[in-house]
Each structure stands twice: as structure tokens, then as C-alpha cells.
Amino acid sequence: MGGPVQSIERAAAILRLLAGGPRRLGLGEVASSLGLAKGTAHGILRTLQRVDFVEQDEVTGKYQLGAALLHLGSSYLDVNELRSRSLNWADALAARSGEAVRLGTPLEDRVLVVHHVFRPDDSLQTLDVGALLPLHASSMGKVLLAFGTASLGTPPDARLEAYTRHTLVTRRDLDRALAEIREQGWAMEVQEMNLGEAGIAVPIRGQGGLVIGAIALSGAPERICDPDGRPQPVLIGLLREAARAISRELGGGPPTAPRQRST
């Protein structure tokens, strides 16, 4: 096994130095604080600047942490706060519903699974934490799309990837489904991502009532859906109850009640 990479250690030391002070630091201050030659410190700072981990003030020439690094930090905190505040509610939801529970947040053009509670039986299951799910073919992804928390990274006329014969592959069909999700307040998918699996998801809201994630139940279609292929009302009720509780924990309050569909 190789030893530590000195340049990475030095870059990390510079980032810690910039993060630990209340003000911007000049090249000389960085070099002297870490015992580096100015040329070495300058080269590392320029590299960090190119990847937006460090920013240089145009007037003073001094350095501070960059927007990209701050975004990574805030994303980490957001995801972990969502997960930590959801643990008890997700466990209770799995126990009450008898189905698997997942929590997800957007990551680029996918859904990142940040928490997964196994279905409470003795069946063989695989942990999905860290998995990336398609937006258009998963119930959580559809929630994030419907409420503007995520967007597809494909042209409007592009055909979407088909995971099964049930996947919505045109933007017209997907847009119609998203409009319905906004109206009813929940999303579902039946064998659109995996054959033999269905899912229901509802939004989780943070500060200001904005949708920041989704919580979903998944299992066999015959357990998730009624004979007409609609989600079991009791499962929607349990999901909404859990989502309201998690949203309150995050300062988001209860989600807005869906509009009643005219008949």
C-alpha cells in the first residue's frame, strides 16, 4: 500500500487554515503559518481555486474558502440532519406498514437514498443507502420532480431510459403524471424501475415549507396496491403521518393539503 500523498495533505492543511479563521489570508500568511515555501503554497492555492474550493479576492489578493466547498459542507449537513431526524419515524413506519422504507434527496439528476429500513420480515434484502435511483422511474424521484426539487438533465424531446416495459419514457406522459402528483400530494410507481416492486412516496418539507426530500414505502405490487392498481389508502395515510412528523422536526410544518379533484 502506498503512503500518504504530501500534496493532498498540504491542500487539506490549507483548507483547515482558511476554515479556522474569521478573515481572508494572503499567500505569505498561508505559507508562514504552515511552514511552506511561497511557491508551493501558491501552486496548491491555484489548484484549489480552479476547482472552486478556494476563492481569491480581486482587490486584496487574499484567499477564502470557495463556494463549491461550502456547498459540499452544507449538503452533507442537510443530508445528515434529514437522516438523523427521520430515524425514529422511518423505523415506526416500517413496523406499522410491514414494508420497506426509504428516504431520498436529489443528487444531480438522480435520487440519493440516505436511509433505508428493511421490511420487518425474514426475507433476504439488500441495503440501498447510497444508491442512486432514476428520477422518472421511482416514486421518490417523481415527488422531487413534481415539486421542483429536482430536474431531469435531458432535453425536453429526449426519450427517457426504460427500465421495464412499464417505465414512462416520454416527457408528455411524465408531465401528465407529475401534474397529478402535485394535485394529490403523493406519487407511485408500479414495476417502473424493478419488476415485481411498487412504491409510494410523499414529500418531506424543510424551512419555509420547501420540499427537500421524499419518504417512500416499497414492496410487492399486490401488497402496495388495491385490486384496481391504486395505492392502499392506509399506506398513504401512514406515509403522510410520518412525513408530517419529519417535516415538523425540520421546521417545515405540515405539508399543504392536496386540492380535491372535481368530479
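The values are calculated or read from the model by the stated rules, or taken from the named source; none is laboratory data. Keep in mind it's a predicted model, so treat the numbers as computed, not measured. Heads up, the Cβs are rebuilt from the backbone with ideal geometry, glycines too, and the neighbour counts pull from every protein chain shown. For accessibility, only protein heavy atoms count, side chains too; no ligands or nucleic acids. Shrake-Rupley method; radii C 1.70, N 1.55, O 1.52, S 1.80 Å.
With respect to the conditions (1) open to solvent by less than 80 Å² (accessible area, probe 1.4 Å); (2) modelled with pLDDT of 95 or more; (3) not polar (S, T, N, Q), Pro258 falls short on a single one, namely (2). I'd like to verify a number: residues in the stretch 89-113 that are part of a helix (DSSP H, G or I) and among the basic types (Lys, Arg), how many? Of the residues in that region, 1 qualify.
Scanning the stretch 58-78 for residues that are open to solvent by 40 Å² or more (accessible area, probe 1.4 Å) and either at pLDDT 75 or above or of a type in the set (Asp, Glu) (or both) returns Glu58, Val59, Thr60, Lys62, Gln64, Asp78. Comparison of Leu235, Leu239 shows that the only residue that is in a helix (DSSP H, G or I), more than 17 Å from Gly104 (Cα to Cα) and in contact with a strand residue (DSSP E or B) (Cβ under 7 Å, 6 or more places away or on another chain) is Leu235.
Taking first residues from the stretch 135-159 that are in contact (Cβ under 8 Å) with a residue 40 or more places away in the chain and partners that are assigned to a helix (DSSP H, G or I) and acidic (Asp, Glu), the Cβ contacts under 9 Å between residues at least 6 apart in sequence or on separate chains come to Ala146/Glu180.
Looking across the stretch 20-57, the residues that are open to solvent by 60 Å² or more (accessible area, probe 1.4 Å), over 18 Å from Glu9 (Cβ atoms) and part of a loop (DSSP other than H, G, I, E, B) come down to Pro22, Arg23, Arg24, Asp52.
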